[in-house]
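Everything on this sheet refers to the single structure shown next.
The values are calculated or read from the model by the stated rules, or taken from the named source; none is laboratory data. Source: prediction; values computed, not measured. Reconstructed Cβ throughout: ideal geometry from the backbone, glycine too, with neighbour counts over all protein chains shown. These area figures cover heavy atoms from the full protein model, side chains too; ligands, DNA and RNA do not enter into them. Shrake-Rupley method; radii C 1.70, N 1.55, O 1.52, S 1.80 Å.
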Amino acid sequence: MAAGAATCRGPPSRLHDGTVPAGVAGRFAAQRLTSQAVSEQAGSESEQAGSGSVSVPDHPSGSAAPSAAPSEAASAGAIRGASVTVIGIGADGWDGLSQAARRALAAARVILGSRRQLDLLPEPGAPAEPGAPAEPGAPAEPGAAAVVVGRRIPWPSPLLPALPGLLAEHGILPVDVGARADPAPSASPAGTAGLPGGAARSPSEVSVLASGDPMFYGIGTTLVRLLGADRVRVLPHPSSVSLACARLGWAREEVDVVSAVGRPLERVRAVLADRRRLLVLSADRDTPGALADLLVDAGYPGSELTVLDRLGAADEARQWATAADWARARAGWREAGVAGVPASDPGLRPPSDLNVVAVEPRADHPSGHRARTPGLPEEVFEHDGQITKREIRALTLARLAPAPGELLWDVGSGSGSVAIEWMRSHESCRAIAVEVRADRADRIRRNAAALGVASLRVVVGRAPGALAGLPVPDAVFIGGGVTGQGVLDACWAALRGRGRLVVNAVTLEAEAVLAAWYARRGGDLVRIAVSRAGAVGGFTGWRPAMPVTQWTVWPAEHAAGRGES
């Protein structure tokens, strides 16, 4: 699978030139940039060499960023069906662009991008080669070079809140919130996007530059959510992942990828595995050293780190050392004010801001091993005794059955162990931990960061009141507080007749609540007993833990069994 294609979820498949096959584009036109999408994409709009993401420098001349809401003046001249062409560009600049990308830029009257990306284009009005047309949008003779004269506008900062208004200023309105979910394919040029090379499609007057593959942690996915897939034409460039794998001779399908651009670097901890290759897309020049510190802390000091600088540029470079060496070098650079290099440094130099780190993990000892299957030892969590024991936790996660992209409520979260292992099962799984005690909530956050899922949301409060206004869950786990008035009722109602509910109980009072609900709602009610071997004088015997009563129910199955709709 191509490097960029693997991350494209939701929008329809595209042809080689980035266009959407006719007949399916319209079905996605009503997608919106939701608040969740804004949160997910906010970090990806920082410049990363070849990664597909773009930077968010200050607005030109220090003026305020455009409002997210299109102004009346902008809306009056905007066209709701107007399209945008998103062009991936690498560190090799104009020379690395395809003819289709050059033609799109020559036709554009407005070009949006980071300052670095805009500087990679030929000087305004100057043809890259002799014989180019002098007017934007003018047809070029076959083989003629393009001239880029469109107005160049650097991205404002912050980008995402300003993006809808910025597009409206240049004639492009987002998808109408009230539009029907499955509009018929447009008869406009955007509706003819399925022809090879976009031959039947009129050039867009607005082009957007993105580093590398725009659909890989990039602005392309944001624009698709905002405008609809049939109004976004994507012309990708090789991503930094593709370039790095090409330089190193690594098979792309055998490499895990973590982006640190606007995202916690701790996410690396969730995918760390001995000898499983990893690429980290750096946020800036400090990322390689910070990653080295993380690897040393996680028990991987001997891991091999190759920092690939400015991939695709004429001055592309690479440096190799172990994580321990990088960590020592980073400490030395800090002491020397970054500019100096201590004598103990093994020939390393501070990298550029545009870098990718290739990691070949080497675990120093077994404690560095963290399986992604549920049932991590209690010792890897910080806790005060309020933790679901590993055997019970493994059975609980099996009952919760996490699937990619799903959301869990962990009510009465304690140490956060169930929510954390739910999120570790797949990078797209999400969870909300609800905990009444603030000290435990802080502990949950620390555990989440230490185990690579720092995006775990923690809500401090008592259920059921603390559940109000939370996103609809796919699954709910109640590990504490089931005897509280209204807790089970609120969790059952939140599932809206779908998903699954799992409740663990250790007290007679909690068991009585589960027995009553089991009588009314059905499901599975089981008792789990675990014993661990321990010393009994000079011998070894079994020490039983408190038994756990577990109730699991799928509301949809309950409704079907009773003929409910």
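Can you pull out the residues in segment 102-136 that are at pLDDT 90 or above, assigned to a loop (DSSP other than H, G, I, E, B) and small (Gly, Ala, Ser)? Give the derivation first.
Our first condition is that a residue be at pLDDT 90 or above; within segment 102-136, this holds for 102-122.
So of that shortlist, the ones also assigned to a loop (DSSP other than H, G, I, E, B) come out as 108-109, 114, 120-122.
Those that are at pLDDT 90 or above, assigned to a loop (DSSP other than H, G, I, E, B) and small (Gly, Ala, Ser): 108, 114.
Restricting the first residue to segment 391-402 and requiring it to be open to solvent by less than 70 Å² (accessible area, probe 1.4 Å), which pairs with a second residue that is among the hydroxyl-bearing types (Ser, Thr, Tyr) and in a helix (DSSP H, G or I) meet a Cβ separation below 7 Å and a spacing of at least six or different chains?
Correct list of pairs: 393/417.
Identify, from the list 525, 501, the residue that is part of a strand (DSSP E or B), surrounded by 13 or more Cβ atoms within 10 Å (Cβ to Cβ) and touching a Cys at 6+ places or on another chain (Cβ under 8 Å). Let's see the steps before the verdict.
Details: 525 fails: touching a Cys at 6+ places or on another chain (Cβ under 8 Å).
Going through 525, 501 in turn, the sole match is 501.
Sort out for me the strands (runs of 3 or more DSSP E) sitting completely within segment 344-452 that have 1 or more residues that are farther than 30 Å from residue 468 by Cα and in contact with a Gly (Cβ under 9 Å, 6 or more places away or on another chain). Break it down stepwise before answering.
On the way: elements: 355-360, 407-411, 430-435.
Once the strands (runs of 3 or more DSSP E) in segment 344-452 are filtered for at least 1 residues that are farther than 30 Å from residue 468 by Cα and in contact with a Gly (Cβ under 9 Å, 6 or more places away or on another chain), what remains is 355-360.
Please give the number of the condition residue 372 fails out of (1) at pLDDT 90 or above; (2) closer than 30 Å to residue 307 by Cα; (3) open to solvent by 70 Å² or more (accessible area, probe 1.4 Å); (4) of a type in the set (Lys, Arg).
Unmet condition: (1).
Any residue in segment 286-313 that is not assigned by the TED database to the domain that holds residue 355 sitting within a Cβ distance under 9 Å of a residue that is part of a strand (DSSP E or B) and at pLDDT 95 or above? List the pairs, counting only those 6 or more apart or interchain.
Taking only residues 6 or more apart or on different chains, not a single pair turns up.
Taking only segment 251-299 into account, find how many residues are more than 13 Å from residue 363 (Cα to Cα), in a helix (DSSP H, G or I) and open to solvent by 40 Å² or more (accessible area, probe 1.4 Å).
Total meeting the criteria: 6.
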